[in-house]
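Right, one structure below, let's go through it.
The values are calculated or read from the model by the stated rules, or taken from the named source; none is laboratory data. Bear in mind that the values here come from a model prediction, so they are computed numbers and not experimental data. For neighbour counting, all protein chains shown are included, and Cβ atoms are generated from backbone atoms with ideal geometry for every residue, glycine included. With ligands, DNA and RNA removed, areas are computed over all heavy atoms of the protein, side chains included. Shrake-Rupley method; radii C 1.70, N 1.55, O 1.52, S 1.80 Å.
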Amino acid sequence: MKKGMTIAVAVIVLALVSTAAVMAGERSDRRAAGAGEEVHKSFDAIKSVDISTVSGDCVVKTHKSGEVLVDLFYEVDPEGSFEYEMDERGGKLVLKEDWNNRYGHSMSGEVIWNITLPEGMDIEFSTASGNFSVTGPVGEVEASTASGDIEVVSAKGDIDVSTASGDIGLYKVAGKVEVSTASGEITVEEAKDDIELSTASGDIEASGVDGDIHMSTASGEIEVADSKGIFELSCASGEIAAKGITVEGESNFSTASGSVIVVLAEATEYDLSLSTASGDVTLDYNGNPVKGYFEFEARKRHGRIVSPYDFDDEEEFERHGEIVVRKSFSVGGKTPSISLTTASGRVELKK
């Protein structure tokens with residue numbers, strides 16, 4: 001009897017020990033997998049913020065307070081492969097993350113920085129593969145990524161952003177804008193000031209922009225709508241479509257291989273040049289008064305010139321072994337000067 005009780009007790013103890021070991025093992029697995037960690041900090045007397053991440057995403061918002069709030073979440077594997085820094089340096093808050101592969105294991109996980117800034121504060125951000133977004137009336141924004149996306153909404157200061165293979169979106173911004181990407185899309189809506197957008201192999205879309213506007217792409221399309229200012233738009237291989245345009249200074253729309261379409265919201269008082277090497281060119285006055293000196297050029301064999309007005313002068317000449325036709329007329333005066341040119345395609349003026 002005593003022997004049986006001893007065996008029973010031993011079985012019970014063994015079961016309890018085994019259960020505890022399993023539970024301990026589960027806790028150990030969760031720690032090794034990098035259970036989610038949170039860090040919350042606040043900083044006073046900060047004038048600007050500099051954030052540098054490896055793959056962490058950064059979300060920035062503004063508030064009326066004078067504090068900078070930093071809310072960091074990270075869940076990484078293996079445990080101990082992620083470190084962060086939060087340092088104050090002469091009024092600048094420096095936030096930084098570091099991934100170290102000290103154990104030789106593959107690393108994975110998620111890192112999110114949520115930053116809340118006083119309105120008007122400048123921010124600088126750089127990352128290898130993280131995304132960056134800022135919403136609110138911050139000051140100057142400088143951001144660069146290798147493969148992450150960038151979005152800026154309602155900023156009031158100057159913006160200088162770039163990415164190698166990510167997309168960039170700017171919405172309701174008021175400062176000077178400089179944007180570049182190697183192979184991403186650029187979208188701008190409601191921007192006022194000097195605007196410079198460039199991409200190597202992506203498209204550019206803009207609407208509601210106002211200022212000195214420069215847009216260029218090597219291999220992509222440019223679309224502009226309901227905008228006004230001085231325009232300098234160029235493509236190496238792509239189409240340019242600008243509709244609802246108010247021209248406020250001498251402007252140029254050109255592409256090497258593609259069509260150019262410009263639809264005016266108002267009659268222009270400034271010189272315009274629309275040109276392509278291989279494609280069609282169309283200038284549509286959209287019912288507005290047509291005034292100025294108009295000159296058309298196209299190759300005789302491969303081009304065509306179309307106009308609702310009779311020509312005052314026509315001539316032919318040789319250029320690079322090809323016969324080029326040039327036609328011109330004036331209506332309502334000699335200014336502004338309007339030039340429509342194609343090497344191989346159709347050039348057309350529409351009332």
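Quick notes
- For residue 228, the accessible surface of its heavy atoms amounts to roughly 90 Å² (probe 1.4 Å, protein chains only, rounded to the nearest 10).
- The share of C-alpha pairs in the range 105-201 whose separation exceeds 22 Å stands at 26 percent.
- Length released on extending from residue 45 to residue 108, taking residue separation times 0.36 nm less the Cα-Cα span: 19.2 nm
- The fraction of accessible area contributed by carbon and sulfur in the range 131-259 is 40 percent, rounded to a whole number (1.4 Å probe; ligands and nucleic acids excluded).
- Angle of helix 2-32 to the longest C-alpha principal axis of the chain, folded into 0 to 90 degrees and rounded to 10: 20°.
- Heavy-atom accessible surface of the chain, averaged per residue, reaches 49 Å², computed with a 1.4 Å probe.
- Normalised convex hull volume, the range 36-95, alpha-carbon set, Å³ per residue: 89
- The value of relative contact order for the chain, using C-alpha pairs under 8 Å at least six residues apart, is 9 percent.
- Within the range 108-138: backbone nitrogen closer than 18 Å to the residue 37 label point (7 Å, Cα to C-beta): 108-114
- Under-5 Å amide H pairs with residue 243, H placed in peptide plane, nonlocal only: 224, 225, 226, 263
- Of all lysines in the structure, the ones whose alpha carbon falls short of 26 Å from that of residue 351, not counting any fewer than 8 places away in one chain, are 228, 243, 291, 300, 327, 334.
- Coordinate range along principal axes, alpha carbons of the chain, Å, largest first: 124, 47, 33
- Using Cβ point charges alone (K and R +1, D and E -1), the dipole size of the chain about the Cα centre works out to roughly 1160 debye.
- The convex hull defined by the C-alpha atoms of the range 245-326 has an orientation-averaged projected area of 5.8 nm².
- Across the range 189-201, computed HN-Hα scalar couplings (Karplus, 6.51 cos²θ - 1.76 cosθ + 1.60, θ = phi - 60°) run 10, 6, 9, 10, 1, 5, 10, 10, 10, 9, 8, 7, 9 Hz from first to last residue, x flagging Gly and Pro.
- Distant alpha-carbon pairs in the range 136-259 (separation over 25 angstrom), percent: 15
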